[in-house]
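Below is one structure, written out as structure tokens, with a few remarks after it.
The values are calculated or read from the model by the stated rules, or taken from the named source; none is laboratory data. Remember, it's a predicted structure, so these values are computed and weren't measured experimentally. Neighbour counts run over all protein chains shown; Cβ positions are idealised from the backbone, glycine included. Heavy atoms of the whole protein, side chains included, go into the accessibility calculation; ligands, DNA and RNA do not. Shrake-Rupley method; radii C 1.70, N 1.55, O 1.52, S 1.80 Å.
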Amino acid sequence: MNQNSIRYFILTGEPGVGKTTLTKKICSVLSNKGIKVVGFYTEEVRNNRVREGFDVVTVEGTRGRLARDQSLLNTPIKFKVGKYGVLVQEFEKVAMPSLTEPSINNSPACIMIDEIGKMEFYSETFKSKIKEIFNSNSKNVVLATIPLRKSDPLIESIRHDKNSKVWLVTKENRNTIHEEIINEMHYILKTQ
């Protein structure tokens, strides 16, 4: 694989292995190097160590609900994943504005998307935006997380895209793999 052709830096691994923590670490280092980062990550919401759901949080710190345990919701929810009701409109309100293509002095940037998964794909607007981002000819790079298991055809097309490089995040490498990813991203962003 030609290193210059890599545009999509894809992290995958078991749930809870540390993909979001790794994504946030990479984006923090890139920001400190002067590279513009946009996008969002998902975060568990816990109360007394019990997971109540997930929030979507933008790079700028805007937060909204992605999903909640259905027992905590007052209204019936159309979309569900396990015991969680997916709050599509709230997710879109926060996530979609964070995915605008950055164009600062024509310098390439990093678009962070944590995560491209089943809950998020209940949003057709989000799904369309993902297609747009992964079919764009921009100089930006994408840092995204996807499920480990085979899933939606769009996710599989990202996993197998000729411009994607996929890293399997494990408990053994999650504290060290960021250096390799950052070095490759920084090289690509600086050679644009």
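Observations
- Tabulated pairs, region 76-95, first closer than 10 Å to R65 by Cα, second exposed (fewer than 14 other Cβ atoms within 10 Å of the Cβ) and aromatic (F, W, Y), C-beta under 9 angstrom, 6+ apart or interchain: none
- Tallying residues that are buried (at least 21 other Cβ atoms within 10 Å of the Cβ) and of a type in the set (K, R) within region 16-41 yields 1.
- Scanning region 82-104 for residues being touching a helix residue (DSSP H, G or I) at 6+ places or on another chain (Cβ under 9 Å), more than 26 Å from I181 (Cβ to Cβ), open to solvent by 40 Å² or more (accessible area, probe 1.4 Å) and not basic (K, R) gives a total of 1.
- Here the condition is being in a loop (DSSP other than H, G, I, E, B) and either of a type in the set (V, I, T) or free of Cβ contacts under 8 Å to residues at least 24 places away in the same chain (or both); of V45, V57, V17, V38, it holds for V17 alone.
- Within region 143-153, restricting attention to residues that are modelled with pLDDT under 95 and not in a loop (DSSP other than H, G, I, E, B), the residue that is least open to solvent (accessible area, probe 1.4 Å) is P147.
- Selection within region 42-81: residues that are open to solvent by 60 Å² or more (accessible area, probe 1.4 Å) and basic (K, R). The member of this set that is nearest to M112 (Cα to Cα) is R63.
- E172 vs. criteria more than 30 Å from R68 (Cα to Cα) and free of Cβ contacts under 8 Å to residues at least 12 places away in the same chain: yes
- I133 vs. criteria buried (at least 19 other Cβ atoms within 10 Å of the Cβ) and under 18 Å from G18 (Cα atoms): no
- Of all residues assigned to region 105-119, none qualifies as being on the phi < 0 side of the Ramachandran plot, open to solvent by 30 Å² or more (accessible area, probe 1.4 Å) and part of a helix (DSSP H, G or I).
- Total residues in region 154-192, condition assigned to a loop (DSSP other than H, G, I, E, B), over 17 Å from P15 (Cα atoms) and of a type in the set (D, E): 1
- Of G39, G64, all but one fail to be modelled with pLDDT of 95 or more, small (G, A, S) and within 13 Å of the chain's Cα centre (by Cα); the exception is G39.
- Of the set (1) at pLDDT below 95; (2) in contact with a Phe, Trp or Tyr (Cβ under 9 Å, 6 or more places away or on another chain), all apply to V88 but (1).
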